[in-house]
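Right, one structure below, let's go through it.
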Amino acid sequence: MPEATPLRPAVFLDRDGTLIKDAGYLADPAGVRLLPGARESLARLRATGFVLVIVTNQSGIGRGYYSEKEFHVVNAAMLALLDANTIAATYFCPDHPDRATDRRKPSPGMLCEAARDHALDLSRSYMVGDRRGDIEAGRAAGCAAGILVRTGLGAAEESTVGADFVAADLAAAAKWIIARAAAPEVSDPV
C-alpha cells in the first residue's frame, strides 16, 4: 500500500484589501494595485514552506456588476505582478450574499475544498484577511489562527472581529505567521 502524501500547511489569503487595494467591484485589470510589501511577504511565506491559496468572495458576479471572465482577467493581472508560481491556487465564490452557498465566507467551503485539492493540513494553516468573514471562515475550517490586516476594511472592523492577531499589513502578518510556525508555543512573537 503506498504511503499517504504528507499534508502541508497553507496560508489562505483574501484578495481585495489584503493583497491588492480594495477598489470596490473591480472589473478592470488596469485597476489592480498590489499593496505595499505583498509580493515580498508572499515570497517569505512560500520560502518557509507554506502553500499560498487565495480565497475570495466575489459577489460582484452574483450582483451582475461583472462577469466570471472579467474576474479571471483581473485575477490574472494580479498574479502577473507576483513572482511566478507564488500562488498555488485561487478559489472564488461568485454568490450574491442573499443566495450564499457554503463556499461564501464566512463559511469554510473554499478553504476545505482547497485542503482536499492540495493536501493541506488545516490545523497548521492560517487565514489572513481584512474582514470578519475571513477570520470566521478560518476558524470554521479549523485553521491554527486567523489574522486580520488593517489594510482594506480591517482597521474599521478590528474591535469586533476576534482575530488571533491584528497586523498592520501583510508583511506584519507574514512575520507573525513565520515566527509562530517556528515556535508554536510563543503566543505573540512580534
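Only residues that are touching a strand residue (DSSP E or B) at 6+ places or on another chain (Cβ under 9 Å), free of Cβ contacts under 8 Å to residues at least 40 places away in the same chain and of a type outside the set (A, V, I, L, M, F, W, C): list them for the range 91-107, please. Y91, P94, D95, P97, T101, R103, S107 - these are the residues of the range 91-107 that are touching a strand residue (DSSP E or B) at 6+ places or on another chain (Cβ under 9 Å), free of Cβ contacts under 8 Å to residues at least 40 places away in the same chain and of a type outside the set (A, V, I, L, M, F, W, C).
A Cβ distance below 6 Å, combined with a sequence gap of six or more or placement on separate chains, defines the contacts here; from the range 128-143, residues that are under 15 Å from Q58 (Cβ atoms) and surrounded by fewer than 24 Cβ atoms within 10 Å (Cβ to Cβ) reach residues that are modelled with pLDDT of 95 or more and not acidic (D, E) in the pairs G133/K105; G133/P106. Only one residue in A77, A173, A183, A115 is under 14 Å from V53 (Cα atoms) and not charged (D, E, K, R). Which one? Exactly one residue qualifies, and that residue is A115. Of the residues examined, G49 is one that is assigned to a loop (DSSP other than H, G, I, E, B) and under 20 Å from A174 (Cα atoms).
A single member of T151, T101 is in contact with a Ser or Thr (Cβ under 8 Å, 6 or more places away or on another chain), assigned to a loop (DSSP other than H, G, I, E, B), modelled with pLDDT under 95 and within 19 Å of L19 (Cβ to Cβ), and it is T151. A84 passes every criterion in (1) closer than 22 Å to F165 by Cα; (2) free of Cβ contacts under 8 Å to residues at least 12 places away in the same chain apart from (1). So, G146, is that one within 18 Å of L45 (Cβ to Cβ), touching a helix residue (DSSP H, G or I) at 6+ places or on another chain (Cβ under 6 Å) and surrounded by 20 or more Cβ atoms within 10 Å (Cβ to Cβ) or not? Yes.
Only one of (1) touching a strand residue (DSSP E or B) at 6+ places or on another chain (Cβ under 7 Å); (2) within 18 Å of D134 (Cβ to Cβ) fails for R46. Which number is that? Of everything listed in (1) touching a strand residue (DSSP E or B) at 6+ places or on another chain (Cβ under 7 Å); (2) within 18 Å of D134 (Cβ to Cβ), R46 misses just condition (2).
Residues in the range 123-142 that are under 13 Å from the mean Cα position of the chain (by Cα) and either closer than 17 Å to P6 by Cα or aromatic (F, W, Y) (or both): S125, Y126. Closer than 20 Å to G49 by Cα, crowded, with 24+ Cβ neighbours inside 10 Å and touching a helix residue (DSSP H, G or I) at 6+ places or on another chain (Cβ under 9 Å) - does that describe any residue in the range 152-167? No, the range 152-167 contains no residue that is closer than 20 Å to G49 by Cα, crowded, with 24+ Cβ neighbours inside 10 Å and touching a helix residue (DSSP H, G or I) at 6+ places or on another chain (Cβ under 9 Å).
The values are calculated or read from the model by the stated rules, or taken from the named source; none is laboratory data. For clarity, every value in this text was computed on a predicted model and none was experimentally measured. With ideal geometry, Cβ positions are generated from the backbone for all residues, glycine too; neighbour counts draw on all protein chains shown.
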